[in-house]
Every structure is written in C-alpha cells, then in structure tokens.
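Here the structure is laid out as structure tokens; the discussion comes afterwards.
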Amino acid sequence: MRKIIYIFISIMTLMAVSCVYPYEVELKDGSSGTVVIEGDILCGEISTFKVALTNSVSDTISSWFVVHELYVEGENGEKHYGRDLFKIGYYEVDTRNLKKDVKYRFVAKISKDVQSISYARTYSTDFMPVLITPPIDSISYQVSPDSTSVSIKVTSHDDTQPEGYYRWDYVEDWEFTSSHMATHEYDYYSNSIREIDFMNENRYYCWGNNVSEDVLLYSTEDVGANFAPLVTLSNISCTDRRVQRLYCITVKQYYISQESFRFWDVIRKNENLSGEIFAPQPSKPQGNIVCEENKDEYVIGSVSCCTVSTMRKFITGEEFGIYKDPFVCNPRSLDMGQWQNAYMDGYDVVTVLEGTPPYLWAKKGCVDCRLYGSKAKPIFWPTNNK
Amino acid sequence: MRRILSIILIALSLPAFGQKISLYKSPLDSVVKRMDALFDGRIFFVPDTTGNTKLTIQVDNPSLFVDEAVNVLKGEGYSVTMQDGNMFILKGVGISTKLPLQYFQESVAASSGSDEYLDALSEDVRIANFANKVYEIGREDNCKGGKLYLSGVVQNVRNGEPLVGVSVYSEEHKSYAQTDEFGFYKILLPAGANKIKASGFSLNDVELDIRLYETGSLDIIMKEKVFSLNEATVSAESSNTRRTNKMGVELVRIGRIKQVPTVMGEADVLKVLVTLPGVKSVGEASGGFNVRGGATDQNLILFNEGTIYNPTHLFGLFSAFNPDVVTDVELYKSSIPAEYGGRLSSVLEIRGREGNDKNVTGSLGIGLLTTKGHIEGPFTKSGKTKFIVGARTTYSDWMLGLLPESSGYNQGTANFYDVNASISHKFNEKNSIYAYGYYSRDKFSFSIDTTYMYHNINGSLKWRSNFSDQHSMIFTVGYDQYGYDVMDTHKDVEAYNLKFNIQQGFAKLKFKSVLNDKHTLNYGLNSIYYHLKPGMMLPYNIPGANPSLVKENILDTEEAVESAVYVSDTWNISDKVSADLGVRYSLFANLNPFKYYGGPEFRVSGKWLASDRVTIKAGFNSMRQYIHMLSNTTTMSPTDIWKLSDVDIKPQTGWQAAVALYSMHFNDKVEFSVEGYYKKMDNYLDYKSGSVLIMNSNLAQDVIETRGQAYGAEVMIKKPLGKLNGWISYTYSRTLLQEKADRGVFSVNGGDWYPAAYDKPHDVKFVGNYKFTHRYSLSLNVDYSTGRPVTVPVGKYLYGGGYRLYFSDRNAYRVPDYFRMDVAVNIEPSHYLKQLSHFSVTFGVYNVTGRKNAYSVYYDTNSGKSVQGYMLTIFGAPIPYVNINVKF
C-alpha cells in the first residue's frame, strides 16, 4: 500500500504539487512519564530487564525515576532479585535455575515522583508458565536474483505445539578488510612515512558488530502447521562490508504468548506508518504489565517467560559472492610536497613501491578499515587475523 | 409541414380500456393523441395554436374511435389524407397523394431539415401555446364537485425526458405535489377552476388554467431556463423545503454539479455533496463521505436502485459515475423515507437519465485525465422505446510514464473505466419498463509486482404501473456485485492473489395509494440476499519461477437475507400542519451459522407552515444496519472489508432527532434555513489496537463495539436562481465514540469518549455562480473546516533495540485547519441553432491560494534520537485544468 502513496506523491510532484513538508505538532502536557519495561524471563539463562520512562519526542534526557526492587517470583515462592548493572534502569536477574514446570512472574517497585521518593508503585505481570522454545532448524541466506542483496533467513518448527508465536533477535559480527593493505603510515607533523608492523598495527583487518533493531516476529496462526519457514531476519546490500569476508549471525529464538505477539506486532506496525492515504491508524501496544496500585495506569512492556534457543552461523564472503566495493580505490602516486594537503583532504598512504618513491596514496576509507569498524575481534572468532 | 410527435401535449380524460370513449370539447392534440394510441401508422398534424377547435367524439367501442374522429374532424373543416399507412391531418386543404414519388420524397427530406430548426425555435412558442390555454379535464356534466385528482408527467420540452423533483402546486388551494423519478405527479384539487403552477430548479415556471371536472391527467412541458436578470424566479428548491414534510433532503441537479469546480475539472457527482452542509470527508482524495457524524459505510449509495459499495475511481480521486448519464443526486441526511433502510446515516440516490425520446443525440468530453462520451435517443420514431449509453475511461498512464525510471514506477499503470446503459419502454400510459446496467472497473499497479483491481457491477429491471388514479406500483429486481483483487508478485515464493467479493440479489416492491385528500400511503416490501466471500488468499505461481509457498486460505462464505416491510402515511392534518408517519420492520438472517436480528424502525417528520414565509419542521428517524465496513485506515481504501452481522457482530442501530426552521426573504428569492440534530449510534465497529482485518477468520476479536453520539447545527443561506446563485453555509457538529466493553486500561482511550476521525466541529462552505451573459459564467467554491483528528506520537522510548514512538490517545490531536478556494470559468455553447455540434469549455483552478492543507501527519524515527514530524499534502499548489465538451 505504501507504494500507492509514493506514486501519488510522485505524480503530484511532477505536476509541481509537492507533497511532504516538515511539521511539528504542539503537544499537550503530561505526555511523558509512562513506565516502559523491557525484558523476558529467560529460563536457563541470565535475564536482563530495562526500566525506563517515555521521553517527549524531542527530549534526549530520561525522566527521573528510582527502581526500589526488581525480581522474578515463582508461584512456589522462590524469588530471584535483580542486580543493578549501573547503567540507568538496567538490571540482571539470574534465572538459570528456574524450573520449567513452575509459573513465574515479573515484579518491579518503581517510584517516579520526585516529591515522594519513598512511595513506590508495584508493576507486575501475572504468573506465566515457561514456554519451551523449539530449537532453530537452520539459518540460511538467499541472494536476490540481481545479486544486489542477500537476505538472512531463519527456519524453525515445533511438533509439540499446534501453534507457535516466534520472536527473534540477533547479534551480527563480521570481519572485513580495507580495500588496500597499507604497509606504511603517514605522520602529519613530521611529514614522513614509516613502515608499520603489519601483525600488530595493520589497518587492514577489522570487525563490525550490530544488534537487531527491527521487531522480528512470526505467527503460525494462519499456517495450519507449527512451521516458520525462511523468515527474513536481515537484508544486506552487496556494498555492505558484512558480505565481504566473513559474516556471523547469532540468533536467539523466543517463544512468546499470543498476547505478547500482538504487543510486538503493534510496535512493528506503528513503525511502518507513514501517513499514507490508506495507512492504518497508529495504536497503543497492550502489554501484560499492570500497576497494582492503579490498574488504570498505562504501562508499556510485555514480559514473556520462556526458554531460549540460540544458533550461530558463519557465512563467508565467497559463499555470498555478491560483494562490491562501495568506493573506487585507485591509488595515485604523490610527491612529498603534496602529502600534507592530501592528508588533510582525506587521503592516506598505501604503500611504497619496490625500491624508492613514488609513494602510493589512496582515500583514507580505502586504507583504514577502522573507519567502518574496530580492531576488537570477537572472542569466538574462527580466523587468526589480527 | 411540421411533424409533431404525439406526446407534446395532452389533456384528456382517462376512461379504462374496453369501455366506451367519450371526449367532450377536447382540443385537437388530445384527440390526435388518443387516435395515435389506436392507429397503426403515424399521425402527422399541425397543432391548433388558437385553441379554438373543440371536438366532441363519442363511441361505444374503441375500435370505432379513429373512424369517428376522422368524421368529426372532417366536419370541423379538416382534411384527412392517408399516405403509406400514415395519416395527415391538415386544416382546410389536404395534401395531394398524386405527386411524382421522387418529388414527394425530396420535399419530405427538405422539410425535415427545417423542421428541426423550427422545432428548436418554437420551444418557447410551444410552451406559450401550452400555457395560454384553458384545460378542461373531464366533462362538465359529469362533475360531481368535491376534490379530484390530476396526474401526469412533467417533461423537458426539448427531449421529452421526465423532469424529477418539479413542484406542481396550487397556491390558492394549498395543494402540492412533487414529481417522482419518472417525472410523474399527482395532485388533489377541488373541482372547477384551478390555477396550477409548476416550478423546478433551472426551469422556467409554468402556470396553467384548469377546469377540473373529473379525475384525469395532464402532461406538462417545461423549458430549461436561460438565466437572465429580469426573469421571475420562483424556485423549486425553496418551494420543496416549504411544502414537503421531509427535512434534510438535498437535491442537486447535474447542471449544478457541472458548475462546481473540482480537481482536474471532472464534474463529480460525489464531490459536490461535500459542498453541502452536514456532509464531510476526511480528506481531499478520499472517496467516502460522512453525513451528520455517520461513518462512510453508513451511507446507502443507490445508482438506479443498485447498491454501490465503492463509489470511487483512482483511489478516491474521482467518483465512479459518468456525469453525462446522471440527471440528479438526492441525499437524505435526516428524514429517510421508510422505503429505504439498511444503513444508519443517509441515503444517496443517484438517478440516471432516461434518454431523449425525440432525436438521437450525444456528447463527447475531453479532460486532463479522462475522456467520456454518451449517446441517447429513441429506438423508434414514436419515442416509446429509448436508450442511453455512456462510457468513460482514463488515460492517466501517461503521467506514470513521465516518472523517472529510477523511481521504479514508470512502468506502473492506473486505469479505470465505467459503462452505463439503460433502456426504457413505455407500453402504454400506465405501464413502463426500465432496464439498467452499470459496470465500473479500476486497475492500478505502481510497480510491476503489485496490482490492485476492483469493480462494481449492477443490473436491474424495473416495472412501473399506475393501475388506477389512486394506486401505483413499482417493482424492481436486480443484482449487485463489488469485489477486489490484489496480486502481489514481489517474490516468487511469496506471490499471492487476494480476493474479496460481495454479491447481492434484490427485489423491491413499492406501492403508493392516495386514500383521500388527507392521506397518501406508501408501502412495500424489500428483500436482499447477500453472498459474501470475505477473503481468498491464493498462491500465485509466476511462470518460470519457484512455486509460491503461500498457503491457500479461503474464508467461509457468508450468506444472509435482509427483508423489510414498510408503510408510511403522508397526512395533511390541516392547511398548515402535516406529517409523514412511517414504520419499517426489518429482519436479517445470517444463514451460516443461522442467526437472526430484527426490529422496527420509525420514520416520523412533521411540518408547520407558521406563516407565508416561515416553515418549521421536526423529525425522528431510527435505522438499523446489518452490513459493516471494517477499516483501520482513515479513508475508504480499496482493500476495506465488508462484514455481515453474525453471531458475534450485532447490527448497528441508531436514531436521529432533528428540528429545522426555513424562512424566505427578498421576494422569496433567498432562503434561510437552520437545522439542528442529535444522533445516537450503537454497535458501530471501530478497530482494536493492532487489529488485523484482512484474511481474518475471527474478525469479531479484532474490532470493538462502540456507541456514538453526534450533534450539530447547520445554517444555510441559499439563493438558488438568478444571475448570482449559490449558497453559503456554516455547520457546527461533533461526533464522538466510546468503546462499549470495559477492557480497563486497554479500552480505547481508557473507555472515554473520543472524537471520530471525521469530527470537524466548524465548517464554512460557499458555492457561488455568477452569469455574466448567457455564455460566460464564473464559479467560486470556498471550503473551510477545522482540521481532522489524528493520533500523533507524544513520546518515544527505546524498545527491542530501537526507538519506538509513544502515541497519544486515539484522535487526541488535530491537523491544521483546512482551507481551499477554487474558481472556474464556464463558456457555454453558442446558441446557433443550425450548428451541428455545440462546444462548451471550462477553465479552472483548484486550490487557487495554493494552501498546503495537511492530509495527514506522520513521524519518522530513522534519524535515531530525534523524531521528525511530516505533513502530507495532497494538492498543495494551485492546479489548473481545462475541459472541453462537445454535444451533438
């Protein structure tokens, strides 16, 4: 449907009737300060919870609040208290030893009123059974017919349940290189070039890292079988360094309840709204956290209780076979007198040809991979590159 | 010699067939009319302009009538000549049948050319002749006094088309009648001398002297008005509001529709509605309209009796009706006649034209986006069978072709067409049959991979019979279909075809009985059979690619029957007070699984003529609706779902109470009106947060039942006729909804009342037309309204790895106010009568001030921490247009 409006806009633009203008709505008061709780009770793992308040649209500073207590409680009375991670609102609960046949709930006592810090409200869920997440069947990739992109897909199924509501998140790591392997380094202040110790000082091998931002969901409600085939997790363009050398995706799969699925689905749909002619209206996600002292208080957050299935997959650049360097990286030779200016213009030295100068220079982006990642190699990384 | 088709004027008594015929002092044309009905060939005669000829003919058997009439005519000094089976009646000298054959044919050919010229020139003469007579209806000796009925058809003098909504009245005796969709009227008058008047919008008034001795009929001819300054103006629109009991009825003739400037210059049947008080739309390109706080699916849209589910083309830019084949539109926004039901807010009747019964004529129109044409005329010279066919298509593809290739849309297509056809046949004075057909289709794809299609099909057959002076009947059967089809071939394994389809068959039987001068009854039966396919998701296998993995999913077909029986009485309590009392009982049964609902609906309205200038009316209407449109978009979209009431989804019910005051000023040339209403709705369905409406087998879970209330006041000053004509109106209105079920914090807006998406409290509308000369006129259209409610982000939060928007309560904010002004210059065709074709040209500018009206606002979080708001404007600059029409 989004296409309709694009075309509509295009037509009207063509007719010199431009269509989209920046706009600022004047907000009424009292629009900030809704409690937001994120995190799931992950049976068999360490669970992380994040407590926050909504900000007004333009604010960057969080509103003030205090978490007095945060714990996961079993129906059998066991309590697992949260540990403050000293990152405002982040807590960690050790839920590695939860029992799969006990129902658990999440509880947090929060005060968000500066005037009465000691008065805390209790935000909690009902007791929930532990949902046993099926293992991930496979992670695969599919190159687009024109080889301009690749999609990473996950497949899963569950024979034990007739229907499943799946949610995923993932962490991506990738190893990449700069276009040119620089053997030398330039020093601006002395206007000199020196050879580097490649093993320890290279700007050739780097690693990138990213966590998923999109809401990734799948429901087998209308499928008839509990089978989630080839659900797209991520789309990567052929000019993205992820597909250059070695790509790794670590996918976590969660089983969530139908209510929780709806909650995430609303968040997902609200993201995709664009004021189109036929666009659905935005709506408020309905989670499962209730303020016990004031049932009418709206709280954002849906806490699920489940086990986690994790799968990691490495894919090499050769396997993808689609990488195209985003830059044109033809090195040119420069005399010493040009070095300082070239450096200021964003060039760096690549190498010294056999024997004596000329020195070859290229754009910094072609020489220094750190511009697009870091030298921090993940501990589990299989290659020996440094 | 002039050939006159038999139907121009008649004044004759109407004894039943098979009985003896007696005409007493009848004028020549009445006699010829009667002869024509009994004579096999055609009769040519020169009308008696003096009106002096009075013929008295009496026969015992109709078969003897023609011979007897010939004898009487000859006795009065007429010559009657037979030629090729045709009869020629001339005063004095007859025609020689012995001329050389060739000579005769030439003379006929030559004279027929000048006949048309004379015909056109003589319209005024004919009207004058018609009006300057004294009509004697029935025989004076048979007159028993008391009150008698006069009935007939009001026709356009030019093409014989029936004129709808014309007032026929006697000021002296305070009787009033209005012509129905067939141009038929019936008025009760005291026996003896009467003066009756006929007036209609953009028609010259006709005043007739009548001597009414027996119940009888008189057809009236009227001529379209050429506006000029000194003309007497008695407006039918104002007479209607004063005379009928109904309130909140808006009749707009096609002439007015064509004057109102629109985007791209397409005369638009629906867009003109939005210029009326009490009618709103959510945005400029939206197809639906909202009447007095009702939702878009609460309007019953009838085109020649068929129900239209999606009245728009090109995603709401145009309405789906070709203006060339439409005669008028009538919107009932308050008093809904008991014969209509099934929708909560309003009934919009779009009436097609019947066609010219004299000549074959047509038109051709060319605009920026569409081209259209129509042809109409009689099948036979008698004009008893006539037809009209119209078609319209677009060539908007060229606009898409202009897009840069990088947009990916320049291979897109957007096209639509609609076709209308109707045939009517008049068996005799009492029985006519009409057949209508309509088909509209839209197809648009903006990239190669997604195609949207939708269509409307309607067909109906109508039989109208006036079996006696007091009783008449209309019986209609028909079939309607609406469906859409979305094809997505974006990815081979995910390619699908999504279909939705609704079909209905209907039968309507309505009777009208005039019991006496106090009571007129309307009663009848309606029945609709629904067959609805709520969704079909089919895998689509792209040839030569991987097979689609989409699972075939066909939702259960819904079937239901909706029937209703109604009766209403128009009761003239006194000269000043009258009332319409109607009751309708509707019964709805969903067959799968079986579940029925039913209930009475009341339609009551009354009128008090407080003085010669002031009329006060009040009304109460209750309605029931068994089919619902489910949507979570702001406007009507081509993928909206219709759903029948079932076990879980209750029918919508509602009532409206209204009062109104009308007064006439400045010699009755200006009408002032104020109407106030209060409306309650129950079980209106709104979407639940995060609902999925397409391919949902359990829709009841995703919608909420709401109760609604709407109230408002409409003030209007109208000058329907004259050199400067038009109206200005101000409306204050509110529409509020509340979720019925208490779902606590999850109730929409916490269970409080919230404004509906089309709640726009203030609105001012102006529609004006100024005629400089007969050929040049200027139209101006101004529209101001409060911005519509929207749901906006009022906060943001980090969740699931990204910033998410925190939205306000539903519809808690508003887009900026709306203002638009359009102008158009109309150049009417030249008045050279002998010219074969007539050009008319319209230039105009839509949104002259270029105001960037917000259609909607939306927000983007892509930039990370800052959230940027954007406003979408649909027509944010002046849009010029030109339209050329040719009539032949």
| Subset of the range B:573-589 (residues that are closer than 12 Å to B:PRO337 by Cβ and of a type in the set (D, E, K, R)) | B:ASP580, B:ARG584
| remark: Note on the range B:188-210: residues touching a residue at least 60 places away in the same chain (Cβ under 8 Å) and either farther than 8 Å from B:MET222 by Cβ or among the acidic types (Asp, Glu) (or both) are B:LEU188, B:PHE201, B:SER202, B:GLU207, B:LEU208, B:ASP209, B:ILE210
| note | Selection from the range B:281-333 of residues in a loop (DSSP other than H, G, I, E, B), of a type in the set (A, V, I, L, M, F, W, C) and over 30 Å from B:TRP463 (Cβ atoms) yields B:VAL282, B:ALA285, B:PHE289, B:ALA295, B:LEU317
| task | Restrict the check to the range B:666-679 and report whether at least one residue is buried (at least 21 other Cβ atoms within 10 Å of the Cβ) and more than 25 Å from the chain's Cα centre (by Cα). | result | no
| task | Would you check if there is a residue in the range B:698-718 being surrounded by fewer than 18 Cβ atoms within 10 Å (Cβ to Cβ), under 25 Å from B:THR633 (Cα atoms), touching a residue at least 60 places away in the same chain (Cβ under 8 Å) and of a type in the set (A, V, I, L, M, F, W, C)? | result | no
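Every residue, every condition in (1) within 14 Å of another protein chain (Cβ to nearest Cβ); (2) more than 30 Å from A:VAL299 (Cα to Cα), yes or no:
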position	(1), (2)
B:ALA756	yes, no
B:THR773	no, yes
B:PHE843	no, yes
B:THR849	yes, yes
| Based on what the data block shows, is A:ILE379 under 17 Å from A:THR239 (Cα atoms) and either at pLDDT 85 or above or within 37 Å of the chain's Cα centre (by Cα) (or both)? | no
| Given (1) in contact with an Asp or Glu (Cβ under 7 Å, 6 or more places away or on another chain); (2) more than 8 Å from chain A (Cβ to nearest Cβ), number of the condition B:TYR799 does not satisfy | (2)
| message | Here is a check on your reading of the model: is A:ASP169 touching a Lys or Arg at 6+ places or on another chain (Cβ under 8 Å) and assigned to a loop (DSSP other than H, G, I, E, B)? | response | no
| Single match in B:SER637, B:SER645, B:SER605 (criterion: of a type in the set (Ser, Thr, Tyr) and more than 24 Å from the chain's Cα centre (by Cα)) | B:SER645
| field | Output for the range B:802-828, where each listed residue is more than 19 Å from B:ALA756 (Cβ to Cβ), part of a strand (DSSP E or B) and more than 8 Å from chain A (Cβ to nearest Cβ) | value | B:TYR803, B:PHE819, B:ARG820, B:MET821, B:ASP822, B:VAL823, B:ALA824, B:VAL825, B:ASN826, B:ILE827
| field | Filtered residues of the range B:739-757 (kept if at pLDDT 90 or above and in contact with an Asp or Glu (Cβ under 7 Å, 6 or more places away or on another chain)) | value | B:TYR754
| note | Given (1) touching a helix residue (DSSP H, G or I) at 6+ places or on another chain (Cβ under 8 Å); (2) in the same structural domain as B:GLU562 (by TED's automatic domain parsing); (3) acidic (Asp, Glu), B:GLU284 misses just (2)
| message | Among the residues in the range B:739-756, are any in a strand (DSSP E or B) and out of contact with any Leu (no Cβ under 7 Å at 6 or more places or on another chain)? | response | yes
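A quick yes/no check of all residues on (1) closer than 25 Å to A:GLU45 by Cα; (2) part of a helix (DSSP H, G or I); (3) among the polar types (S, T, N, Q); (4) more than 19 Å from the chain's Cα centre (by Cα):
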site	(1), (2), (3), (4)
A:ARG203	no, no, no, yes
A:ALA228	yes, no, no, yes
A:VAL231	yes, no, no, no
A:ILE236	no, no, no, no
A:ARG242	no, yes, no, no
A:TYR247	no, no, no, no
A:GLN253	yes, no, yes, no
A:PHE263	yes, yes, no, no
A:VAL266	no, yes, no, no
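So that you can scan it fast, the table gives a plain yes or no per residue for (1) of a type in the set (Gly, Ala, Ser); (2) assigned to a strand (DSSP E or B); (3) touching a Leu at 6+ places or on another chain (Cβ under 9 Å); (4) at pLDDT 90 or above:
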position	(1), (2), (3), (4)
B:GLN411	no, no, yes, no
B:ASN420	no, yes, no, yes
B:HIS425	no, yes, no, yes
B:SER440	yes, yes, no, yes
B:PHE446	no, yes, yes, no
| query | Regarding B:ASN667, is this residue closer than 23 Å to B:ASN632 by Cβ and not acidic (Asp, Glu)? | reply | no
| said: Whether any residue in the range A:204-212 is within 14 Å of another protein chain (Cβ to nearest Cβ) and aromatic (Phe, Trp, Tyr) is what I want to check. | reply: no
| remark: So the strands (runs of 3 or more DSSP E) completely within the range A:49-101 holding 2 or more residues that are away from chain B (no Cβ under 14 Å) and over 27 Å from the mean Cα position of the chain (by Cα) are A:66-74, A:79-84
| Looking at the range A:297-316, is at least one residue free of Cβ contacts under 8 Å to residues at least 12 places away in the same chain, surrounded by fewer than 18 Cβ atoms within 10 Å (Cβ to Cβ) and at negative phi? | no
| Going by the structure shown, is B:LYS796 under 30 Å from A:GLY39 (Cα atoms), at pLDDT 75 or above and crowded, with 21+ Cβ neighbours inside 10 Å? | yes
| note | With the first residue restricted to the range A:226-242 and required to be crowded, with 17+ Cβ neighbours inside 10 Å, and the second required to be in a helix (DSSP H, G or I), Cβ contacts under 7 Å at 6 or more apart or on different chains are A:ILE236/A:ARG242; A:ILE236/A:VAL243
| field | Search result, residues across the range B:447-476 that are within 14 Å of chain A (Cβ to nearest Cβ) and within 25 Å of B:ALA320 (Cα to Cα) | value | B:SER447, B:THR450, B:THR451, B:TYR452, B:MET453, B:TYR454
| Scope the range B:719-731; condition assigned to a strand (DSSP E or B) and crowded, with 19+ Cβ neighbours inside 10 Å; matching residues | B:LYS719, B:ASN725, B:GLY726, B:TRP727, B:SER729, B:THR731
| request: Could you tell me which of the residues A:GLU213, A:GLU221 is assigned to a loop (DSSP other than H, G, I, E, B), free of Cβ contacts under 8 Å to residues at least 24 places away in the same chain and within 30 Å of A:SER257 (Cβ to Cβ)? | output: A:GLU213
| request: Can you give me the ranges of the strands (runs of 3 or more DSSP E) entirely in the range B:623-678 with at least 3 residues that are in contact with a strand residue (DSSP E or B) (Cβ under 8 Å, 6 or more places away or on another chain) and more than 14 Å from chain A (Cβ to nearest Cβ)? | output: B:641-644, B:652-665
| task | Considering each of A:ILE88, A:ILE41 in turn, give the residue that is at pLDDT 90 or above, farther than 30 Å from B:VAL857 by Cβ and out of contact with any Asp or Glu (no Cβ under 9 Å at 6 or more places or on another chain). | result | A:ILE41
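The values are calculated or read from the model by the stated rules, or taken from the named source; none is laboratory data. Note that the coordinates shown come from a computational prediction; the quantities given were computed from them, not determined experimentally. FYI the Cβ positions are ideal-geometry reconstructions off the backbone, even for glycines, and counts take in every protein chain you see.
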